[in-house]
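> This is the structure I have questions about; it appears just below.
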Amino acid sequence: ENSKFNIISFGGSYEKLFQESVKYSEETFSQALYAIKTFEADLGSTNILSPLKAIFRTEASSKFPRNIFLLTDGEVSNPELVVTEIRKYSDSTRVHSFGLGSSSSAYLIIETAKAGKGTSNFIDDGDTSLDLKVIRALREASKP
């Protein structure tokens with residue numbers, strides 16, 4: 001209720017759902033759910049660095065602590081640069097990483113979560129515990 005959020009889909013390019021983070025409400029939540037249901041893996045390769053830099057260009061708010069929930073099903077060509085970028089902002093941003101499916105990079109998921117002082121999770125194809133893993137990460141995100 002007292003939080004802001006945004007969703008950024010990424011591939012070779014990235015797209016923000018909202019121009020800037022919006023306050024959570026039933027309406028914005030419904031918009032987000034609709035958008036997520038229409039997502040397709042059609043943005044090309046996996047470029048995580050560009051959307052991360054876009055997020056970090058926006059100043060973090062002390063009123064709304066910033067948590068990134070990074071969900072990816074692939075590998076990136078520059079995992080060390082991604083980890084380094086996250087580490088630079090780890091005082092103001094926590095990163096919780098989710099590897100989706102068998103082709104996600106274990107190194108990327110584990111190291112981005114470590115660098116961002118968050119949690120790492122792997123969701124295998126057919127895994128029915130996705131809800132529990134997301135709830136656990138949300139609980140972690142609400143801690144100071």
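The values are calculated or read from the model by the stated rules, or taken from the named source; none is laboratory data. Note that the structure is predicted; figures quoted are calculated from it, not measured. Here the Cβ positions follow ideal geometry from the backbone for every residue, glycine too, while neighbour counts run over all protein chains shown. To get the accessible areas, we keep the full protein, side chains included, count just its heavy atoms, and leave off ligands, DNA and RNA. Shrake-Rupley method; radii C 1.70, N 1.55, O 1.52, S 1.80 Å.
> Towards the positive end of the charge dipole of the chain, with charges on Cβ (+1 Lys, Arg; -1 Asp, Glu), say which of Ser3, Ile123, Thr38 has the farthest Cα.
After comparing all options, I get Ser3.
> Step through the residues of the stretch 88-103 one at a time and calculate ³J(HN,Hα) from phi using the Karplus curve (6.51 cos²θ - 1.76 cosθ + 1.60, θ = phi - 60°), rounding each to whole Hz and writing x for Gly and Pro.
Result, rounded to whole Hz: 4, 10, 5, 6, 10, 9, 9, 10, 10, 10, 10, x, 9, x, 6, 9.
> What accessible surface, in Å², does a 1.4 Å probe find on Lys117, ignoring ligands, DNA and RNA and rounding to the nearest 10?
Ignoring ligands and nucleic acids, Lys117 comes out at about 120 Å².
> Multiply the residue separation of Ile36 and Asp127 by 0.36 nm, subtract the distance between their alpha-carbon atoms, and state the gained length in nm to one decimal. Mind showing how you got there, number by number?
Working: separation 91, 0.36 × 91 = 32.76 nm, distance 1.86 nm.
Additional length available on full extension: 30.9 nm.
> What is the spread of the Cα atoms of the chain along each of their three principal axes, largest first, in whole Å?
Over the chain, Cα extents along the principal axes are 35, 32, 29 Å.
> Next question. Given the whole protein assembly as supplied and a 1.4 Å probe, what does the accessible area of Thr28 come to in Å², nearest 10?
The accessible area comes out at roughly 20 Å².
> Take the Cα gyration tensor of the stretch 59-144, multiply each eigenvalue by 5, square-root it, and list the three semi-axes largest first, rounded to whole angstrom.
Values: eigenvalues 92, 60, 12 Å².
Whole-Å semi-axes of the equivalent ellipsoid: 21, 17, 8.
> What fraction of the DSSP beta bridges in the chain is antiparallel, stated in percent and rounded to the nearest 5?
Looking only at bridges with both residues in the chain, the antiparallel portion is about 30 percent.
> OK, next. Rounded to the nearest 20 Debye, what is the dipole magnitude of the chain about its Cα centre when Lys and Arg each give +1 and Asp and Glu each give -1 at the C-beta? Could the numbers behind the result be given before it?
Values: 17 positive and 19 negative charges, 153 e Å.
It works out to roughly 740 debye.
> A follow-up question, please. Quick one: which residues, 5+ away or cross-chain, put their amide H under 5 Å from the amide H of Leu71? H built at 1.01 Å from N.
Residues meeting the amide H criterion: Phe98.
> Let me ask something else about it. For Ser120, list long-range residues whose amide hydrogen, built 1.01 Å from N in the peptide plane, is under 5 Å from its own amide hydrogen.
Those qualifying (amide H under 5 Å, at least 5 residues apart or on another chain) are Ser97.
> With respect to the cross-link table entries Lys16/Lys53; Lys63/Lys114; Lys53/Lys143; Lys23/Lys133; Lys16/Lys114; Lys88/Lys117, which display a Cα-Cα separation exceeding 19 Å? Mind showing how you got there, number by number?
Values: Lys16/Lys53 13 Å; Lys63/Lys114 24 Å; Lys53/Lys143 24 Å; Lys23/Lys133 24 Å; Lys16/Lys114 25 Å; Lys88/Lys117 12 Å.
The pairs that break the limit, which is 19 Å between Cα atoms, are Lys63/Lys114; Lys53/Lys143; Lys23/Lys133; Lys16/Lys114.
> Just the accessible area per residue of the chain, please: how many Å² with a 1.4 Å probe?
63 Å²
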